[in-house]
Amino acid sequence: MAELQKDPMTRGDFLGFGILGTIVGALLTIPPAAFVLGPVIDVNVRGESDVPDDWYRVGPIGEIPAKEPKVYVVEFPVNQVYSEEQVIEEGVETPGATIDNAVWTSWREEIGENGEAIHRIPSFVESGVQPPLTQEQIDEVTANLNVLSSSCAHLGCPVRWIVKEDGGEFLCPCHGGIYDINGGYVGGPPPRGMYSFTFEVREDANIYVKHEFDIGGDKGPQQPYVI
Amino acid sequence: MGAISKARSQAADAGKFVADWLEHRAGIVTMMEHFLYEPVPKRGAWIYTLGSATLFLITLQFLTGILLLFYYVPSTDHAWNSIYYIMNEAYFGTLIRGIHYWSANFLLAVIGLHMAQVFFSGGYKAPRELNWVVGVVLLLLVVIIAFTGYALRWDQDGVWATVVGMKIGSYSPFVGAYTIQFLMGGDTIGPATVSRFFAIHVWLLPAALAPFIGIHLYLLRRHGVFGDEMEYRERLAKLQERQRLEEYEQYEDDGEPYVGRRDRADRD
Amino acid sequence: MYAPATGKQKPVEQEVITEENVFERPDETIAFFPKQVLYDLFVSTLLLLACCALSYVSPAPLTEPADTATVTYVPRPEWFFFFYEQMLMFFPGYALISFGAVVVPTVFVVLLFAVPWLDRGPRASSTRRPFATVIGVLVVVVVLLNMLMAVSRIINFPGQ
């Protein structure tokens, strides 16, 4: 191996290293970082979501049974990469992607004075819904309807309805989280009850949801993580 | 001279010429001798195959992974279909993907065994600390590669494991939401998620893995295989014998400060 | 270029064995080539054969195409995440989930990195450093027990 030659570093050399290093370093770190962190910036700085802030139809209220929940599937469009809105607007043939959510809907259940379960299904729904609904009917339905995300509040597994002798419960198959028919926490490792979608009932007797959770309180809606 | 022996000596000459030429230009013969004739501990030779088995399995991963890329399509619409094609239509598709899948499983198991072996034989002790650290980095990289590979199938297993994994990540203090938004490429799982997991699984982490494997092997060769304490039984016995003798002599000297055997021999 | 660590160039005969250099060369050695290479190749061949055989006996799984709106599917992790997933069951509620899912594993990884500096004694044999050995065995036992618990939970669950 050749002998080492150690020349001293002059002030100019040092300055050169500093300036050139800064230029190359900045060009090779800042744009790439912004490039890969784009979605994080969009969501947190510009407050954008991949799912457009619209109402999406879930299904008719008339099909929800009195004492059991019913699951509907909602296809939320997702604006990401090749299914992005702008790409589609350009008129390019592109497969629009969706994120499908299972939505559990049920009538509110309350425990009466004698411990019996009361299902708050509005009487006009029980006797057959006749659209269009009046404003009072819409208010009554809205007050007594549960519109729950199937994503377990623990680790996001899909919860299922288990029929039991005295009604039933929502069970998460991953770690055994249990919720009642209103989505309230009953047992297991979840930190809270099931998440409710922000929803509204319209005159056509259908439920419409946004892709966001109504977590109550003054925090406003929360964007669902993951799905 | 017969024709056969003539051809043989000509071939030998040609071989020698090529070896000399390469040695002069690239030092390959010296390098190969370094690589091949390093003395390694003898007694636990079979146990030390765990490390090389890990290397072999990672090589299999790289090889079959590159092959799978000839058919795999990283998009939500076609990922599943392309894997279905690999499994049912492509020649030896079942084998290539099977090797990728099974060697990944073996890899995780063998890494665990390799680590346990090094831990319980004390192979991480000075001067080999850095190699243990590099090994832990390799372990983490392999685990993350295994996790990101699962999602690429875009089947029920893969997607739901990813959903749960992201949900777990979202519980990270302070950075949870940002981390999973970065990984998913947005605030839901979707087309961007496949692209990102593909980039991470196929390029980013393997590219990071390769140099760390190089460092791991370099450090291994620099300090030699430690093996286990059983490889040093005789040397340890000699050391203890010497230490015992020294203590004994110090005791005999009865109070005179101990200055070491050799020094005293000079003085006498 | 390759450079051996210091202190190994001295011939065996001139070496005085001290606490420092006792582990510098083993009692008995073999050349890496051909014996060790042969052993390595043997194990690698076995693994490759096992991979090939398993590819056909139990092909790499491909379940139904992704459906995020299912309510009948049971997500299960891969076997090497079993112990981690099982561990999460023991950390319910908001405060504990983030503790069990992220903080505990992070601390564990940091400790794993620090192992060479946590156990700096001169002796390498596991019988000569009982504390480290007991900790190591405990970690292995906890991981294996968690895996077993996860397996039993998965077997006992009513299924899809």
Pairing the Cα long axis of helix A:135-144 with the longest principal axis of chain A, what angle in degrees results, from 0 to 90 and rounded to the nearest 10? 70
C-alpha long axis of helix A:11-44 to longest principal axis of chain A, angle in °: 10
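Take every Cα pair under 8 Å in chain C that's 6+ residues apart, average their separations, divide by the length, and report that relative contact order as a whole percent. Could you put the intermediate results ahead of the total?
Working: 41 pairs, mean separation 43.1, N = 160.
For chain C, the relative contact order is 27 percent.
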What do you get when you divide the Cα radius of gyration of the protein assembly as shown by 2.2 N^0.38 Å, with N the number of residues? 1.26
Among the aspartates and glutamates, which have Cα under 15 Å from the Cα of residue A:164 when same-chain residues fewer than 8 positions away are ignored? A:68, A:180
Rounded Å value of the spacing that divides the Cα centres of the stretch B:174-196 and the stretch B:17-77: 35
Straight-line reach check, residue A:219, cutoff 30 Å on alpha carbons, 8 or more apart in-chain or any other chain, hits among lysines -> A:70, A:210, B:167
Give the aspartates and glutamates whose C-alpha is closer than 18 Å to that of residue B:125, dropping any in the same chain fewer than 8 places away, or say none. B:228, B:229, B:231, C:19, C:20, C:24, C:119
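What ranking of A:119, A:175 emerges when the number of other C-beta atoms within 10 Å of each C-beta is taken as an exposure proxy, fewest first? Each step should come with its number before you reach the end.
Details: A:119 17, A:175 20.
Listed from fewest to most nearby Cβ atoms, that is A:119, A:175.
So what's the back-of-envelope 222 nm ellipticity for chain C, counting only DSSP H runs of four-plus at -39500 (n - 2.57) apiece and dividing by all residues, rounded to 500?
Numbers: 5 runs with 76 residues, N = 160.
Here the helix-only value at 222 nm equals -15500 deg cm²/dmol.
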Just to confirm the number: angle between the C-alpha axis of helix C:104-118 and the first principal axis of chain C, 0 to 90 degrees, nearest 10? 10
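Sum -39500 (n - 2.57) across every DSSP H segment of at least 4 residues in chain B, then divide by the residue count to get the 222 nm mean residue ellipticity, nearest 500.
Values: 12 runs with 193 residues, N = 268.
The per-residue figure over chain B is -24000 deg cm²/dmol.
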I need to check one value: relative contact order of chain B, counting alpha carbon pairs closer than 8 Å and at least 6 residues apart, in percent. 20
For the stretch A:1-124, what value does the Rg/Rh ratio take when both radii are computed over Cα atoms and Rh is the Kirkwood radius, given to two decimals? 1.40
Size of charge dipole - chain C - debye, nearest 20, with Cβ of Lys, Arg +1 and Asp, Glu -1, no other charges: 240
Where the centroid of each part is defined by its Cα atoms, how far is the stretch A:3-64 from the stretch C:41-67 in Å? 39
For chain A, what relative contact order do you get, as a whole percent, if you take Cα pairs closer than 8 Å and at least 6 residues apart? 17
Once the dipole of the protein assembly as shown is set up from charges on Cβ (+1 Lys and Arg, -1 Asp and Glu), the residue from the list B:96, B:22, A:77 lying farthest towards its positive end is B:22
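If each residue's Cβ is checked for other Cβ atoms within 10 Å, how do B:9, B:75 rank with the fewest at the top?
Numbers: B:9 11, B:75 20.
So the ranking, lowest neighbour count to highest, is B:9, B:75.
What is the fewest-to-most order of A:207, A:118 by other Cβ atoms lying within 10 Å of their Cβ? Spell out each step's value before the answer.
On the way: A:207 25, A:118 12.
If I rank by nearby Cβ atoms, fewest first, I get A:118, A:207.
Indicate the helices, whole DSSP H runs only, in chain B that combine a mean Kyte-Doolittle hydropathy of 1.6 or more with a Cα extent along their long axis of 15 angstrom or more.
Helices meeting the criterion: B:49-68, B:129-152.
All of the numbers you see were taken from the coordinates with simple rules; none came from a lab. Worth saying up front: this structure is predicted, and the values here are computed from it rather than measured. When we count neighbours, we look across all protein chains shown, and the Cβ atoms used for this are built from the backbone with ideal geometry, even at glycine.
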